[in-house]
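What follows is a set of notes on a single structure, which appears directly below.
Nothing in this text is a laboratory measurement; each read-out follows from the coordinates by a stated rule. As the structure is a computational prediction, the values presented were derived from the model and not from experiment. A quick note on method: Cβ atoms are made from the backbone with ideal geometry, for glycine too, and the neighbour counts reach across all protein chains shown.
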Amino acid sequence: MNKTRPASLCVAVLLVAVACGGGDTGSAPSDKARHSDWGSGITYDDCTEQGLTDYGIRTGQKWIGDFYADLYPCKAPTNISAESADQPTTGSTSPPGTEPEATSTQPPEASTTLPPLRGLRYELVFAGVRQTLDDEYAMPLQIVGRPGGRFNYMITREGRVWIVEEGTFSNPPVLDLRESVGIGSETGLLGVALHPTDPQRMFLYYTDLEFDIILAEYQLDDELRRAIPSSARTLMNIPTRSDFHKGGMISFGPDGYLYLGVGDDGYSFNGQDPTTLLGAILRINVDGGEPYGIPDDQPPLSPEAPEVYLYGIRNPWRFWIDPVTNIIYIGDVGADAYEEIDITSLDAPGTNFGWSWLEGPQWGPFNEGVHCRENPETCDTSGFTAAALALPHSPEVCAVIGGVVYRGTAIPELTGTYFYSDACGGFLRSFSWNGELAVDLRDWTEQVEAQTRVLSFGVDTRGEMYVMTADDVFRVEPVR
């Protein structure tokens, strides 16, 4: 069977299709379970009866009224406790009986010599990438550039790496792996990372013709415009059983180690198994050991998979490490009901985000979650870290696209702001993380216009942000 070019794609959202849940099955939680089975004790009828919007739930708080309205606070513990399942906490940051202050719909003010920021817009950088490359699988999936570096590199799903230059991208490509990359429902050339100190070292994350996950290193030539095929070095080969839930993001952290987001392969039980490399964020030292080393401060989760750094994740299609705060933001594609953005400090190795016991603010739809919903007294979930933001499924929410924390120079008013989207809704939204809660939630979609099939974000050598759809590449620019 030829695995390189399937006849159809799962639910038409390609790499992050929610409907392609994978091997396990289980009955969907009831509406009642959605409101009461949240192990931390957050029940969405608590604190107020003003109703939950469709935009999502912040850990410890409840969204009410308009998207831009402030939130009635119902502070909850960071970790989940089965004992408190029906004991909502009532701590509040507002005095009793007072109305919460409204959050402005305008961008935040900043002290700057630039004209006031009035909004954001998309600048079309490349239109019709698949048509230009004459390949229906050549979706642009990532743009990366070393801070202050010479070039920005872009990968396309079918297996090629390009240099992005003003108004065009290099031809021939930096590297062509089409003969080695397998294309299935959620597979392909999925991630690229540049070594933080050696500009000639490039790392690629892709699926081979059997859909196994490959992490490979290539040397670039002295001009940094071509990869040397003979320099290829396979660092990791992760066997899989399906073409679902591959994750795909790789990035170096401020510690100099390489982080990899690996999906659960469509088998939910992998999320809670630290002896497997699946359903986890891995961390390795590409500068020590053969083919790599394990950092000395790695969490002792299991000797079978010492690479595992964080786990309890379903499909971390895109994550982002903010080097200023040392915080990782993980866009975890959901199953039956919720999309998640999971957040933790990299100083908290071994964090468990709860999949597949939990999906957003409810018990998961598969084995462990079904058991806990039916027998909550037997489930100790105190070791789980709740999602920072849970997005209930709707026509606009089916597969979260994790984005980036903005650290560029063109929009200093938004420095430290995290942006994200969804493959179905194509919106552009953002929030800031205050260490406990997502705050300053904003929806920029009306300004930039929703895009069909948003697949990824990128950042160039100047720290400026890009949004990529299946066909086009946009740079996010300020309106002043």
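Numbers below:
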quantity: Test item: Cα-centred dipole of the stretch 224-372, Lys/Arg +1 and Asp/Glu -1 on Cβ, debye; calculated: 640 debye
quantity: Alpha-carbon gyration tensor eigenvalues x 5, square-rooted, for the stretch 105-187, Å; calculated: 33, 16, 13
quantity: For the stretch 289-349, with +1 on Lys and Arg beta carbons and -1 on Asp and Glu, the positive-most of P291, T344, W317 along the dipole; calculated: W317
quantity: Footprinting exposure proxy for R480, R178, R283 (fewest neighbouring C-beta atoms within 10 Å first); calculated: R480, R178, R283
quantity: Listed residues P365, V397, T415: farthest to the positive end of the dipole of the stretch 330-421 (Cβ charges); calculated: T415
quantity: For the stretch 280-394: rounded, prolate or oblate by the Cα gyration tensor [a/c cutoff 1.5]; calculated: prolate
quantity: Proxy reagent accessibility, fewest Cβ within 10 Å first, across L428, L133, L209, L282; calculated: L209, L133, L282, L428
quantity: Prolate/oblate/rounded label for the stretch 383-480 (Cα gyration tensor, a/c 1.5); calculated: oblate
quantity: Anisotropy class of the stretch 231-272 from Cα gyration tensor, a/c 1.5 cut; calculated: oblate
quantity: Ranked list, fewest to most other Cβ atoms within 10 Å of each Cβ, for V370, V479, V324; calculated: V324, V479, V370
